[in-house]
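Notes to accompany the following structure.
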Amino acid sequence: MRITCPLCGARDRREFTYYGASVYADRPAEGAAPEVWDDYLHLRDNPAGEITDLWYHELGCSAWIEVTRNTVTHAISATRLLADRATPTKKGARS
Amino acid sequence: MASLIEKSACDGLLPRVAGGTVLSELPAARVTSVAPFAGKTRALGAALKEMGLGWPKPGEAVGTEGASILWSGRDQAFLIGADPAPLSGLAALSDQGDGWARMQLKGPEAEAALARLVPLDLRLSEFGIGQVARSGLNHMMMLIARTSETGFDIMVFRSMAASAVHEIGTALDAVAARGRLTS
């Protein structure tokens, strides 16, 4: 398996650390309800199809990368720097 | 004040010679990590231009006589052999000089030896002079730069110096042994 780091190019899997579904980067807002935190920490979708994951280029440029891949075909369709995302969504914010 | 003994990172370990290929320690130099402050990348690039350098793109090094700056990660580069004072206020500057072992691997078998340890295509056609990469030297974090047709500068954490010398030395010996079998 090779992952294309947006900075370093195509690199071997051994250079990366897997960190789970990318929703982990969408941290709830301060003061969010306990159910929102429970959802954030514990509940994950398990689709047969396209998912987005977080990978850390640990043995490389130290960037966090959002990888879009398909759990059925194992194809990786896109990668981008987590830092390049729009402002992460804050769920459950109490205004 | 205690009298301390000054030792380089690879003291007593190098040079290591295998055929015409030599692993040697690079002369001590000032190494500074440069991480631009938000919105200051352009001003930082201009300040580096004044020094005869420039802000390196990912995977590139910019060098001049004696000094160089190597891309070393996302929004980070290592300034080597130069005083970082002109960059003050534009980037987070931290002295890294004592934290890294810097060595040079040079010779006809350098590529073949590194091919046993590094998951990158380091042939000249793919990894040319002036290119740098962050990758692994077996299990160690490494910054590697090609400095000539047969030469690489390699940086690993200082605490890993002995392991790096052992790994590269073993690979050099194995390549040399294979050469004797097939010649």
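The values are calculated or read from the model by the stated rules, or taken from the named source; none is laboratory data. Because the structure is predicted, anything quoted here is derived from the model rather than measured. Quick reminder, even Gly has a Cβ in these numbers, built from the backbone with ideal geometry, and neighbours come from all protein chains shown.
Summary table
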{"read-out": "Which numbered condition residue A:46 misses (of (1) more than 14 Å from chain B (Cβ to nearest Cβ); (2) in contact (Cβ under 8 Å) with a residue 60 or more places away in the chain; (3) not aromatic (Phe, Trp, Tyr))", "value": "(2)"}
{"read-out": "Number of positions in region B:10-26 that are farther than 13 Å from residue B:166 by Cα and surrounded by fewer than 17 Cβ atoms within 10 Å (Cβ to Cβ)", "value": "3"}
{"read-out": "Positions within region B:97-129 being more than 23 Å from residue B:20 (Cα to Cα) and more than 14 Å from chain A (Cβ to nearest Cβ), in sequence order", "value": "B:97, B:98, B:99, B:100"}
{"read-out": "Residue list for region A:13-51, restricted to those being under 19 Å from residue A:82 (Cα atoms) and more than 17 Å from the chain's Cα centre (by Cα)", "value": "A:29"}
{"read-out": "Residue within region A:9-19 that is more than 14 Å from every other protein chain (Cβ to nearest Cβ) and either loosely packed, with under 13 Cβ neighbours inside 10 Å or in contact (Cβ under 8 Å) with a residue 24 or more places away in the chain (or both) present", "value": "yes"}
{"read-out": "Residue that is nearest to residue A:70 (Cα to Cα) [pool: residues in region A:32-51 that are surrounded by 12 or more Cβ atoms within 10 Å (Cβ to Cβ) and aliphatic (A, V, I, L, M)]", "value": "A:51"}
{"read-out": "Unmet criterion (only one of (1) closer than 23 Å to residue B:164 by Cα; (2) surrounded by fewer than 18 Cβ atoms within 10 Å (Cβ to Cβ); (3) away from chain A (no Cβ under 14 Å); (4) not β-branched (Val, Ile, Thr)) for residue B:83", "value": "(1)"}
{"read-out": "Answer from B:32, B:41 - the residue that is of a type in the set (S, T, N, Q), out of contact with any Lys or Arg (no Cβ under 8 Å at 6 or more places or on another chain) and within 14 Å of chain A (Cβ to nearest Cβ)", "value": "B:41"}
{"read-out": "Scope region B:34-76; condition in a strand (DSSP E or B) and either among the β-branched types (Val, Ile, Thr) or assigned by TED's automatic domain parsing to the domain that holds residue B:109 (or both); matching residues", "value": "B:34, B:62, B:69"}
{"read-out": "Residue check, residue B:71 more than 17 Å from residue B:36 (Cα to Cα) and of a type in the set (Phe, Trp, Tyr)", "value": "no"}
{"read-out": "Enumeration of residues in region B:63-100 that are touching a residue at least 40 places away in the same chain (Cβ under 8 Å), of a type in the set (A, V, I, L, M, F, W, C) and touching a strand residue (DSSP E or B) at 6+ places or on another chain (Cβ under 7 Å)", "value": "B:70, B:71, B:77, B:78, B:79, B:80, B:87, B:90, B:91, B:92, B:93, B:100"}
{"read-out": "Tally of residues being touching a Gly at 6+ places or on another chain (Cβ under 8 Å) and more than 20 Å from residue B:62 (Cβ to Cβ) across region B:118-134", "value": "2"}
{"read-out": "Residue A:2, sole failed condition from (1) charged (D, E, K, R); (2) away from chain B (no Cβ under 14 Å); (3) within 30 Å of residue B:35 (Cβ to Cβ)", "value": "(2)"}
{"read-out": "Matching residues in region A:77-95 - criterion: being modelled with pLDDT of 55 or more, surrounded by fewer than 12 Cβ atoms within 10 Å (Cβ to Cβ) and part of a loop (DSSP other than H, G, I, E, B)", "value": "A:86, A:87"}
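For every residue, the table says whether it meets (1) surrounded by 17 or more Cβ atoms within 10 Å (Cβ to Cβ); (2) in contact with a Ser or Thr (Cβ under 9 Å, 6 or more places away or on another chain).
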{"residue": "B:100", "(1), (2)": "yes, no"}
{"residue": "B:106", "(1), (2)": "yes, yes"}
{"residue": "B:109", "(1), (2)": "yes, yes"}
{"residue": "B:126", "(1), (2)": "no, no"}
{"residue": "B:140", "(1), (2)": "yes, yes"}
{"residue": "B:154", "(1), (2)": "yes, no"}
